[in-house]
Amino acid sequence: MPSLAAVSTIDFPHKVEQQMVKEGARKLFAPSFPQVERMMSVFDNTEIKTRNLCKPLDYYTTIHSFEDQNAEYIRISLEYSIQAIEECIASAQISKNEITDLIFISTTGLSTPSLDALIINKMRLPQNINRMAVFGLGCAGGVAGFSKANVLAIANPNAVVLLVMNDNGNMSSTTVLYVLERFFTKGFKNGYGLMASMGPGFSCEMVLLQMNKK
C-alpha cells in the first residue's frame, strides 16, 4: 500500500489577528451593506484566532486589476510551492530525481503554462515526470488530490508522487495537509486515526507519497 513519506507546510508571512480581519471586513462592506453587523458574528463563531496571509491585510481592501492579482498569484504560488517541495524532499531524504509524478492542486488563480510545469522548469526536475494540474475543486481539492496520488502510487510500485496543494485565497482545500502535519507532529496512540477537516486553511502545503516497500 502507498504511504506518506513526508509532509511539509509553509505558513504565509503576514500573520493577522482574527479581530483585525473582522474590523477590516466591517469597514469594507458597511458602505454597500448596511446590515453588515448581522454577519459579523461569523468571525467569532469560527473560533479562528489568527490568519496567515500571503499579502498584507490592506492589500485586500484596495482595488487591483485581474492581471496584477493573477501575476501575484503565480509569483507567490511558485515561490512557496518550491519551498515546500524542497523541505519535503529533505525530510524524506530522497533526491529530486527520484520523483516520478507531480500533482498540482489549486483554485485561486490561473496560469498557462500551468504551475506544475513552472515548478518542473524552475527546480530542474526530471523532464519525463508525469504531471497533472487540477483546477476548480475548491474545498474538495485536498481529498481529491490524495485520491489521485494514491491511484498513481498503486499503479506503479516504484512511484514517488509529489502532491502540491496551493491556494492563496480560499485555503480550505489545503487544510487537509495542515491538520495532518499537526497530527503527525503531536503523535498519536496505537491504532487507527481518523482525520476530518472543514473550513479555511492557512498555508501552502505539499505531501510526498511513495509505495511502502516493507
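Tabulated data
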quantity	calculated
Listed peptides 2-8, 33-39, 111-117 by packing density, highest first (mean Cβ within 10 Å)	2-8, 111-117, 33-39
Net length gained if the chain between residue 39 and residue 74 were fully extended (0.36 nm per residue, minus Cα distance)	9.4 nm
Burial order of peptide ranges 73-80, 58-65, 46-53 (average beta-carbon count within 10 Å, highest first)	73-80, 46-53, 58-65
Residue 58 versus residue 87: modelled label distance in nm, points set 7 Å from Cα along the beta carbon direction	2.8
Per-residue ³J(HN,Hα) for the stretch 54-61, Karplus 6.51 cos²θ - 1.76 cosθ + 1.60, θ = phi - 60°, Hz, x for Gly and Pro	7, 10, x, 4, 5, 4, 7, 9
Theoretical gain in end-to-end length, residue 123 to residue 94 [0.36 nm per residue, Cα-Cα removed]	9.0 nm
Alpha-carbon centroid distance for the pair the stretch 1-42 / the stretch 69-113, whole angstrom	23
Loop-located trypsin sites (Lys or Arg not before Pro) in the stretch 89-153 whose Cβ has at most 11 other Cβ within 10 Å (DSSP)	124
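Each value in this text was obtained by applying a stated rule to the coordinates, not by laboratory testing. The structure displayed is predicted, hence computed values, not measured ones. A quick note on method: Cβ atoms are made from the backbone with ideal geometry, for glycine too, and the neighbour counts reach across all protein chains shown.
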